[in-house]
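The structure under discussion appears below in the form of structure tokens.
What follows is calculated from the coordinates using simple rules that are stated; it is not laboratory data. All figures in this text were calculated on a predicted structure; none of them were measured in a lab. Cβ: placed from backbone, ideal geometry, glycine included. Neighbour counts: every protein chain shown.
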Amino acid sequence: MRKPDGKIVLLGDMNVGKTSLLQRYMERRFPDTVSTVGGAFYLKQWRSYNISIWDTAGREQFHGLGSMYCRGAAAVILTYDVNHPQSLVELEDRFLGLTETASKDCLFAIVGNKVDLTEEGARERPEQEGCSPGRPSGGGAPPTLPKQVRPEDAVALYKKILKYRMLDEKDVPAAEQMCFETSAKTGYNVDLLFETLFDMVVPTILRQRAEGLSQTVDITSYKPPKRTRAGCCA
Amino acid sequence: MMNIKAFTLVSAVERELLMGDKERINIECVECCGKDLYVGTNDCFIYHFLLEEKTVPAGAATFTATKQLHRHLGFKKPVNELRAASALNRLLVLCDNSITLANMLNLEPVPSGARIKGASTFALNENPVSGDPFCVEVCIISVKRRTIQMFLVYEDRVQIIKEVSTPEQPLAVAVDGHFLCLALTTQYIILNYSTGVSQDLFPYCSEEKRPIVKRIGRQEFLLAGPGGLGMFATVAGISQRAPVHWSENVIGAAVSFPYVIALDDEFITVHSMLDQQQKQTLPFKEGHILQDFEGRVIVATSKGVYILVPLPLEKQIQDLLASHRVEEALVLAKGARRNIPKEKFQVMYRRILQQAGFIQFAQLQFLEAKELFRSGQLDVRELISLYPFLLPTSSSFTRSHPPLHEYADLNQLTQGDQEKMAKCKRFLMSYLNEVRSTEGANGYKEDIDTALLKLYAEANHDSLLDLLVTENFCLLTDSAVWLEKHKKYFALGLLYHYNNQDAAAVQLWVNIVNGDIQDSTRSDVYEYVVDFLTCCVDQELVWAHADWVLQKSEEVGVQVFTRRPLDEQQNSFKPDDIINCLKKYPRALVKYLEHLVIDKRLQKEEYHTHLALLYLEEVLQQRGPASSKGAEATETQAKLRRLLQKSDLYRVHFLIERIQGAGLPMESAILHGKLGEHEKALHILVHELRDFSAAEDYCLWCSEGRDPPHRQRLFHTLLAIYLHAGPSAHELTVAAVDLLNRHATEFDAAQVLQLLPDTWSVQLLCPFLMGAVRDSIHARRTMQVAVGLARSENLIYTCDKMKLKGSSVRLSDKKLCQMCQNPFREPVFVRYPNGGLVHTHCAASRHTNPSSPSPGTRT
């Protein structure tokens, strides 16, 4: 088995489209998915690096596994459904805590999926999202719904995460860079999301290599005494 | 979910062997070490069996267990766990919360009575850290609350090395190195017993289900997670494999690479660790033990022991391939890499890739097939041999055995579907085309190229010709038969040519042109033959077909002679031979002579005269008796004139004779001109032809490259002819006026004026006169300038002379001649302009002897 050089984890409430996002990116398709059981992962070759991307189960039942999946992650993609404000709230309430095991310089991306179901998405996105910042829920015609979660909300969450992780805004990518709105169904912004992250993760991988503190343990060259330093026990 | 057969379940110990018909007796635990099988029961007995494995060639192995002995431990408690430490020849027996050591052979307790007390369960460290081969590391969950203890167990003693307390009560443990993987009451953790550092894995609920902690390999554990998940975790606390999905009520798990096996109330399930898919389900009721012992997986109910015998990986892979599950087969094969010696694996894996390639091929998944063939380094002849008749008859190829696929040939594979067949052929074409230039083609290039040729020929593909005109290894006999069969005669010719059989090649092409055989490959085969012969070094072949090409077309055919590469032309083909050959083909002969005279500028009288004569003959022929006199000059006539004018080599008299009375005044004028009989020539032009512009042209071309007086003489002659006709010939008068006005500069005006009749008005000759006057004035002025310049030059010389004469030269004994370095003996001397003095005889000898140094430069 190829040993991954870095890990990216998708987190988010059930039914926000984590598996679909990943399948859209890896397999270029949008099949019907069933609720993920436990987790699954893909290996993605990016330049000369193998990056493992973990798809986690959003169901409450598997919530406990998240911490382990996040351990040593170089990036976490927090996913919500732009049509369900609660899914954004859940990110903060339930999922943020899981990321404590992630790598110290772990990157965070906040992704609002299913924009194809919003008015803006249905109109082929003629203008930038968030065109009506004064009116959080502007009137719209069925069957598409006005977007329920505004990009500003995601940006606000991003800033909260930085606070939570006690990171300075100056040291990390800007919120605008790390908040995405995507559609796994149409493929909108999906490549952008993953490839932006890959590019950002590569320096992290290099840094980890340089420090000799690979977060993913190479079991062939394992030196037990090192472990205490590598440990990131909460 | 598609299933595969990875294991077969065989019985190892029948119920009768253990307990006969005693209902109450149940199996509590099992241990297997090599051939030794130990069973612990609830009535405190240990049974020892010897397992004999019998492999039946066709099917799975069967086992027979022979009972060796059994021993009662002396309690009324069940035997909870059994572990063999074969290096110590000891069996670790957990019974009544105490681990005792028994001899593996006779089951007697060690005399020392060494034991570990207060253990509720225990695990051996299969990745020991002590490095002492004569001890085993044992980890126990103590009956003391929240306590784990590590022991070293020797042949007849035990030693505690560590006691660790845990945050919650531990329920299950597995050990790897310094790491303990523990199931606590609410979560799984990894604990380093040496440093005390622990790491949470994930929570679970011990009240709902029994935890499973199973070491599956170096530093990796398998755990029963929420929702029936089999979770993988490394000692670093991360997961490197996606979880497998079991049923909720799994009670035991084991690993037999690459499979994870799980046991629940009703089934044994088999998942692949490679793709996490469930691969097999075996109904198995009331099982309560599932364990793997050095690769051997044992399941047991409370009454019987069974063995899960894995089918050989190769067999499994073959089964997958047989059901066309290529992806899974490849994943399994790749996963098996570490279990099979490298050499053997590579051979096996290549073969699997090839088989997979043929499966994809049969489904017309050509892209995938190609990739598999490529990575499997398929002997491309395997593929070619599927296509009937493509391999050369001489090919020594036989298909590999056992066969890589189930197809006899393409007909069977496509079941006669022509469209599919065509697709397959197109694929093979592109594949062979790619392969032929790679290393993979080495050793059987002939087979590949011949097959490719056959495919191209059959499909009428343009690349057939490209193949044959570039480097190729097509086998002659096989290819020739095929090309003939498909009427690709032109290509066949190319094949012959490539095989140095040019004569056969040309003959074929000739036959195509002649219509003896049909091949529509090219419409310009004749031109091709001509080109071919033009470049052909085989003289005999050229001569042999010269007549044929000339008969077809004299103009084109003659190119075999005229267009030959230069170097060769001189050596081998003699012009005289060629002319001789071309006698029968006048037009070709003309072309050839033109080539010699005009293109190659051969200065040989013969050719020039011959060409002129041929032109003349043709002109005469064209004119014929019927044609009207003075018709437009034909092209040939123009050529004739041009030749007569330009060339000075032909025999003029001979031609004049031929031309006499032929009514070719222009030509005879030119000929007369060549003889210097300009008056006669001009006379013809003026009086016979009355072509005044031709007369003027004559004056011009005839004087080309000659001195101006010659030209003037010609013009004067022409003028004289015009004027002599007298005023009555009005036409000529006009011609004369025009001539003067147009070519004013060509005449000597003074002479002309004397010739002209007095009656002519000045106005009439205005342009001429103006030109003449202007010329005259210009001449005068030029002369004046010249005179002025000459005078001034003269003045300069006079001045120099005066200067030289003005001073005297003193000659003394001391002055030496600059040439001979001797003193002057007489008063006569020579003085150079630079002042050097020399003897007269020295000066004279200097002029006669150019090698002597010049005094002028010397001083």
How much net charge surrounds residue B:6 when only other residues with a Cβ under 14 Å from its Cβ are counted (Lys, Arg +1; Asp, Glu -1)? -1
For an R0 of 51 angstrom, estimate the FRET efficiency from the Cβ-Cβ distance between residue B:418 and residue A:33 and round to the nearest 0.05. 0.80
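Report the gain in length on full extension from residue B:207 to residue B:700: 0.36 nm times residue separation, minus Cα-Cα distance, nm rounded to one decimal.
Full extension of this stretch gives 164.8 nm more.
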Log entry: pair-distance distribution for segment B:524-602, C-alpha pairs binned every 5 Å from zero, whole % per bin is 3, 16, 31, 29, 16, 4, 0
Could you list which residues have their amide H under 5 Å from that of residue B:188, counting only those 5 or more apart in sequence or on another chain, with H placed in the peptide plane? B:201, B:202, B:204
The correct pair for segment B:7-311, radius of gyration to one decimal and Dmax as a whole number, both in Å and from Cα atoms, is 18.7, 55
Can you tell me the 0 to 90 degree angle between the C-alpha axis of helix B:730-742 and the longest principal axis of chain B, rounded to 10? 60 degrees
In whole Hz and in residue order, list the ³J(HN,Hα) couplings for segment B:114-130 that follow from phi through the Karplus curve 6.51 cos²θ - 1.76 cosθ + 1.60, θ = phi - 60°; x for Gly and Pro. 4, 7, 10, 9, x, 10, 8, 7, 8, 9, 8, 8, 7, 10, x, 9, 6
If you stretched the chain out fully between residue B:364 and residue B:8, how much longer would it get, using 0.36 nm times the residue separation minus the C-alpha to C-alpha distance? 124.7 nm
Listed by chain and number, the residues whose amide H is under 5 Å from that of residue B:172, excluding neighbours fewer than 5 places away on the same chain and using placed H, are B:183
Quick check: Cα centre of segment B:733-797 to Cα centre of segment A:1-40, how many Å? 106 Å
With Rg and the Kirkwood Rh both taken from Cα atoms, where does Rg over Rh land for segment B:353-487? 0.93
For segment B:721-783, what log10 I(q)/I(0) values come out of the Debye formula at q = 0.14, 0.15, 0.25 1/Å, with one point per alpha carbon and no solvent? -0.40, -0.45, -1.10
Report the far tail of the P(r) of the protein assembly as shown, meaning the percent of Cα-Cα pairs longer than 51 Å. 60 percent
In straight Cα distance, which lysines are under 17 Å from residue A:160, not counting same-chain residues fewer than 8 positions off? A:104, A:170
Computed E for residue B:16/residue B:430 - FRET, C-beta separation, R0 56 angstrom, nearest 0.05: 0.25
What list do you get for B:829, B:179 if you sort them by fewest beta carbons within 10 Å? B:829, B:179
Give me the angle, in degrees from 0 to 90, between the Cα long axis of helix B:525-535 and the longest principal axis of the Cα atoms of chain B, rounded to the nearest 10. 80 degrees
Under a plain spin-label model, where a point goes 7 Å from the Cα along Cα-to-Cβ, how far apart in nm are residue B:764 and residue B:552? 6.7 nm
What average number of partner chain Cβ atoms lie no more than 10 Å from the Cβ of the residues making up B:195-201? 5
Any idea what diffusion coefficient segment B:658-729 gets from Stokes-Einstein, in µm²/s, Kirkwood Rh on alpha carbon pairs, 10 °C, 1.306 mPa s? 129 µm²/s
For chain B, longest principal axis from Cα atoms; helix B:766-806 axis from its Cα atoms; angle between them, nearest 10 degrees, is 90 degrees
Hey, if you put +1 on the Cβ of every Lys and Arg and -1 on every Asp and Glu Cβ in the protein assembly as shown, which of B:515, B:812, B:745 ends up farthest toward the positive end of that dipole? B:812
Taking the beta-carbon count within 10 Å as an exposure proxy, list B:529, B:737 from fewest neighbours to most. B:737, B:529
So how far apart, in nm, are the two label points at residue B:784 and residue B:755 if each is 7 Å from Cα heading toward Cβ? 3.0 nm
Over chain B, relative contact order from alpha-carbon pairs under 8 Å, at least 6 apart, %: 4 percent
With r as the distance between the Cβ atoms of residue B:400 and residue B:437 and R0 = 25 Å, compute the FRET efficiency 1/(1 + (r/R0)^6) and round to 0.05. 0.55
Using eta = 0.692 mPa s and T = 37 °C, Stokes-Einstein with Kirkwood Rh from Cα pairs puts D for segment B:448-557, in µm² s⁻¹, at 232 µm²/s
Considering the convex hull of the alpha carbon atoms of chain B, report its projected area averaged over all viewing directions, in nm², one decimal. 82.9 nm²
Can you tell me how much longer the chain between residue B:411 and residue B:689 gets when fully stretched, taken as 0.36 nm per residue apart minus their C-alpha distance, in nm with one decimal? 91.6 nm
Could you work out how far apart the two model spin labels at residue B:602 and residue B:741 are, taking each label as a point 7 Å from the Cα in the direction of the beta carbon, and quote it in nm? 5.1 nm
For A:26, B:150, A:200, ascending order of other Cβ atoms within 10 Å (fewest first) is A:26, A:200, B:150
